[in-house]
Amino acid sequence: MATSASLDALTSKLREIHHLHDAAAVLSWDQETYMPSGSGAIRAEQLATLQTLAHNQLVSLEVESLLGAFVDIETGTVLPEHQSSLDDTSQALVRETWRDFSRAKKLPSSFVNELERESSIAQQVWVEARKTNDFQRFLPNLERLIGFKRKEADYLGYTDSPYNALLDTFEPGATVAQLRPLFAELRTHLIRLLDQIRNSPVRPNTSILTQSFDTTKQVDFGRLVLKQMGYNFQRGRLDLSAHPFTTSFHPTDARVTTRVFDNDLPSCLFSCIHEGGHGLYEQGLSARYYGTPLGETISLGIHESQSRLWENSVGRSQAFWKYFYPKLQQTFPEQLGAVQLDEFYLAINHVGPSLIRVEADELTYNLHIMVRFEIELEVIEGQVQVDELPDIWNAKIQEYLGVTPSNDAEGVLQDVHWSFGAFGYFPTYTLGNLYAAMLFHQAKKDMADLEQNIGQGNFQPLKIWLNDRVHRWGRQYSASELIQRVTGQTLTSEAFIKDLEEKYGNLYQFSTPPSSKITP
Ligand code: ZN
């Protein structure tokens, strides 16, 4: 009795803290969608206040004593008397709460404030530096930020590499030792596939995608696809923003955004599907455990697996377009009426090396991630100097993709991440691709008629499968435990490479030499 009463007290305290985070999230969503441009400064203050309140509540003596009733506050180990009295779910709840509490506790609030301020300044300088193509202007800020991140790693503690501490923020449990061989193997296959595609006589006609398409009709079509995927508009909404994103305040209010360009059909379409995948994850979380780690998503990698599964495994598949293409043709009869499904399917799946990550295709995207991973690892470990970054960047992009940026805006300055101190974030994009392929393979095994259903526009079985296998668990399992539970395998790039080989072998008419096939 005493146990459940004090667990309830902990849960309701966590919920209260979550209300502050969610209020901040509403303000952030508003900032990206409807806020008048003149109120940026005060919004930043409002957000900082809410975040500080939430942080202070989390590291408070009250939480420490509520949590201390269940775990050793120094180590996070569940106290012997509770190891049998708490079920697995409750043990996961206290274990994950302790993780959040102890990480927050390790960072002095003066450090958090300074980092916050430094990031906010660096981000503004980055915007200007990118605009004027001037890395030197951003250099002092970047140097200071990297100093802060090394300090953060020291506060948090790590084994082997300070980068592990930063990676752990976004992908709990992931390490450099795990990523290095995983990425190295993947890179070999990607470069080989890219070579085969380069040598193929097949030339997709991507100009059909860059005709003029009415933007209202594009957004309406995106909304139609979202509805069909099972995204619930009574518990979410679609708006426009400069960069598409998903945010959630509760499973009953998980919102997505997209962007739309007159002469770029894939942009709005695939960002709707991508964010829809994120949105379904948020809507599929347990409302019962709202406010606790069991009502939260596992990691950025698992989050990205949900968006990539829908965007690539589903949204760029033949079956998907067998169903949707006639509808798209009806929406844009002038532009697509005479374009055959095969031609459209090839165009939306075209592969080509490019300079800009966010415009990259399904295959080369991961090479962009590896460049960033290798660079940020070296810079955090202090193996290279920050002022060397533009040259290192250009050399690596040339080596992996065979293209060279003509300026830093196309190179080292292109991403916002480093400007707000998000080191260790990039690898989660590729992890998402790998998890997505593994999950989709398992979904196909579990549902023999999956492809047939997709071809008929019936996405319900897939959505329910994801709800059941992934979404509803919150943080009860770690990413690696979840993948193991669902697929029976540990993380591997096998499924992802197999999919790419099959798809692009068919599209670009090459076959994979048996020697380079991955053994099952
Ligand atoms: Zn995403």
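If I filter segment 412-425 for residues that are under 25 Å from residue 224 (Cα atoms) and within 16 Å of the ligand (Cβ to nearest atom), do I get at least one hit?
Within segment 412-425 (the criterion being under 25 Å from residue 224 (Cα atoms) and within 16 Å of the ligand (Cβ to nearest atom)), the answer is no, since none of the residues qualifies.
Assess whether residue 285 counts as being buried (at least 22 other Cβ atoms within 10 Å of the Cβ) and away from the ligand (no atom under 16 Å from the Cβ).
Judged against the criteria, residue 285 is a match.
Looking only at segment 232-243, count how many residues are assigned to a loop (DSSP other than H, G, I, E, B) and under 24 Å from residue 18 (Cα atoms).
Of the residues in that region, 6 qualify.
Restrict the check to segment 161-179 and report whether at least one residue is touching a Ser or Thr at 6+ places or on another chain (Cβ under 8 Å) and surrounded by fewer than 16 Cβ atoms within 10 Å (Cβ to Cβ).
yes
Taking segment 249-279 as the search range and keeping residues that are assigned to a helix (DSSP H, G or I) and in contact with a Phe, Trp or Tyr (Cβ under 6 Å, 6 or more places away or on another chain), which one is farthest from the ligand (Cβ to nearest atom)?
Going through the qualifying residues, I end up with 265.
Mind checking which residues of segment 187-210 are more than 28 Å from the chain's Cα centre (by Cα) and assigned to a helix (DSSP H, G or I)?
196, 198, 207, 208
Scan segment 426-443 and tell me whether some residue there is more than 16 Å from the ligand (Cβ to nearest atom), over 24 Å from residue 176 (Cβ atoms) and modelled with pLDDT under 95.
no
Does residue 213 satisfy the criteria of being within 25 Å of residue 345 (Cβ to Cβ), surrounded by fewer than 17 Cβ atoms within 10 Å (Cβ to Cβ), at pLDDT 95 or above and of a type in the set (Phe, Trp, Tyr)?
Here the answer is no, as residue 213 does not meet what is asked.
Which numbered condition trips up residue 329, out of (1) in a helix (DSSP H, G or I); (2) without any contact (Cβ under 8 Å) to a residue 12 or more places away in the chain; (3) more than 30 Å from residue 205 (Cβ to Cβ)?
(3)
Tell me which of these residue 409 doesn't satisfy, since it passes every other one: (1) more than 16 Å from the ligand (Cβ to nearest atom); (2) of a type in the set (Gly, Ala, Ser); (3) part of a helix (DSSP H, G or I).
Status for residue 409: all satisfied but (3).
I'd like the full set of residues that are assigned to a helix (DSSP H, G or I) and either within 16 Å of the ligand (Cβ to nearest atom) or among the hydrophobic types (A, V, I, L, M, F, W, C) (or both), limited to segment 444-465.
450, 454, 462, 464, 465
Looking at this structure, is residue 298 of a type in the set (Val, Ile, Thr) and either within 11 Å of the ligand (Cβ to nearest atom) or part of a helix (DSSP H, G or I) (or both)?
For residue 298, the condition - of a type in the set (Val, Ile, Thr) and either within 11 Å of the ligand (Cβ to nearest atom) or part of a helix (DSSP H, G or I) (or both) - is not met.
Run down 292, 331 and say which single residue is surrounded by fewer than 19 Cβ atoms within 10 Å (Cβ to Cβ), polar (S, T, N, Q) and either in contact with a Leu (Cβ under 9 Å, 6 or more places away or on another chain) or assigned by TED's automatic domain parsing to the domain that holds residue 211 (or both).
When all the criteria are applied, what remains is 331.
Take segment 129-142 and flag every residue that is loosely packed, with under 15 Cβ neighbours inside 10 Å and part of a helix (DSSP H, G or I).
131, 132, 136, 140
The values are calculated or read from the model by the stated rules, or taken from the named source; none is laboratory data. In this text, all values refer to a predicted model and were calculated from it rather than measured experimentally. FYI the Cβ positions are ideal-geometry reconstructions off the backbone, even for glycines, and counts take in every protein chain you see.
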